[in-house]
Amino acid sequence: MKKLLVTFFILLVILPQTAFSVISVYQFDDPAKEARFNQLVNELRCPKCQNNNLADSNSELSIDLKDIIYEKVQAGESDEQILVYLKDRYGDFISYNPPVKPSTWLLWYGPFVFLLIGGFFLYRFQSSHRQDTQDQQNDEQQANSMLEQWAKEAKDQETK
Amino acid sequence: MNKQLLWLPFAAFIILGLILYSGIGKDPTKLDSRLIGKAIPAFSKSLLLSDQTITEKDIKGPALINVFASWCPACYSEHPYLMELSAKEKVVIYGLNYKDDKQDALKFIDRLGNPYNMIIFDNNGRLGIDLGVYGAPETFVVDKSNTIVYRHVGEVNERVWTNIILPKMLGTEGQ
C-alpha cells in the first residue's frame, strides 16, 4: 500500500512535466529565448477565443500567432517589439495585461475606490457601535444609581 | 445610524443596473479593428485563379475586401448575397481566400460562383493576420483613397449591407 502511494505521488510530480514537453513543439538553442517565448504565449490572449491564452489554445489562428512569435523571438526581437506587432493587428484584446488609460481606469482603480467606500462604511459602523455601547453603559450606571437611591429611601422609611 | 444612508444600496443598485444594462446586446466576440483609418497593409500575394502576383497597389477602392474560406460555414450562406451585390449593385469586391486549400477553394468558387474582381490566395494566413482577421467571414470597406473605413465581422446580408456597409461606402464617395 505504501509503495503504491509513493508511486502515485512520483507520477503526480512527473506526469505534468512530460505532458508539457509533448505540447512544446518549438525548439530553442537558447534557454533564455525559450523562457521569453513561454512567458509571451502565456500572457497573450487568443483573439479567436474568449478566454484562452495562446499557449492553451489550439485554434488555427493561435498556432499561426505562436509560429510568428517563435520566428520573432528567434530573430532576436524584443518582447516590446513583438507586443507592438500584435497590438497593431489585434488591439489591447490580445494582452492579458491591459494598459492604464481612461477606458481602463475603472478596471485598474475601481477596486481601490470600492476599498475606500467599504472602509468608510466600516469606520462609520464601528464608531456608531462604540457610541451605542457607551450609551448602554451610561444607562446601566443610571439604573444602578436609581436602584441605590430607592434602596436608601426604603431604608430611611423603615427606620422612621 | 443616518437614515439617508439607507438610500445608498438602492443608488448603488441603480448605477450597477445601468452599467450592466448598457452591456446588453453587445457581442463580446466582436473586436474593434485597428486598421480603421489606415491604408491597406503592404502585401504581395498570388491570385487564386491565376499565377499572377498582386500587391496592395492593385486594389482600387471604393471596394469591399471579403475574407472567406471553404472551411467556413457562414461563408456558404453569405456567398449568394455577395453574388447579388456584385451583379445588381455593381459593387467591387476583392476576395481574400484565407488559410484554405487551393483545390477546396477552387471547388467553392466553381460551385457557388465568383462575385470577386480578384481573389487573393492567402494560404499561410499572413495577410489575414496583418489585417487583424480572427475569423471568417470578415468584410473590410475600403474607400476611394484605399483607406480602410470599416470592418464587419460575420455574414454580410441585405440588412448589414443597407444599414451598415452602404452608409459607410456612401460616406466615402461623398468626399
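Some values worked out for this structure:
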item	result
Filter result (β-branched (V, I, T) and in a helix (DSSP H, G or I)) within the stretch A:87-122	A:I94, A:T104, A:V113, A:I117
Test: B:G17 is loosely packed, with under 13 Cβ neighbours inside 10 Å and either modelled with pLDDT under 90 or under 26 Å from A:D92 (Cβ atoms) (or both)	no
B:A74 vs. criteria aliphatic (A, V, I, L, M) and within 13 Å of chain A (Cβ to nearest Cβ)	no
Residue within the stretch A:133-150 that is more than 11 Å from every other protein chain (Cβ to nearest Cβ) and either aromatic (F, W, Y) or surrounded by 11 or more Cβ atoms within 10 Å (Cβ to Cβ) (or both) present	yes
Enumeration of residues in the stretch B:126-160 that are farther than 22 Å from B:P28 by Cα and either surrounded by 20 or more Cβ atoms within 10 Å (Cβ to Cβ) or of a type in the set (V, I, T) (or both)	B:L127, B:V142, B:T147, B:I148
Enumeration of residues in the stretch A:92-121 that are aliphatic (A, V, I, L, M) and without any contact (Cβ under 8 Å) to a residue 24 or more places away in the chain	A:V100, A:L106, A:L107, A:V113, A:L115, A:L116, A:I117
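Residues are listed down the side, and each one gets a yes or a no for (1) out of contact with any strand residue (DSSP E or B) (no Cβ under 6 Å at 6 or more places or on another chain); (2) hydrophobic (A, V, I, L, M, F, W, C); (3) surrounded by 10 or more Cβ atoms within 10 Å (Cβ to Cβ):
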site	(1), (2), (3)
B:S22	yes, no, no
B:G25	yes, no, no
B:T29	yes, no, yes
B:K45	no, no, yes
B:T53	no, no, yes
B:I65	no, yes, yes
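The values are calculated or read from the model by the stated rules, or taken from the named source; none is laboratory data. Note that this is a predicted model, so its numbers are computed, not measured. Please note: Cβ atoms are built from the backbone with ideal geometry, for glycine as well, and neighbour counts cover all protein chains shown.
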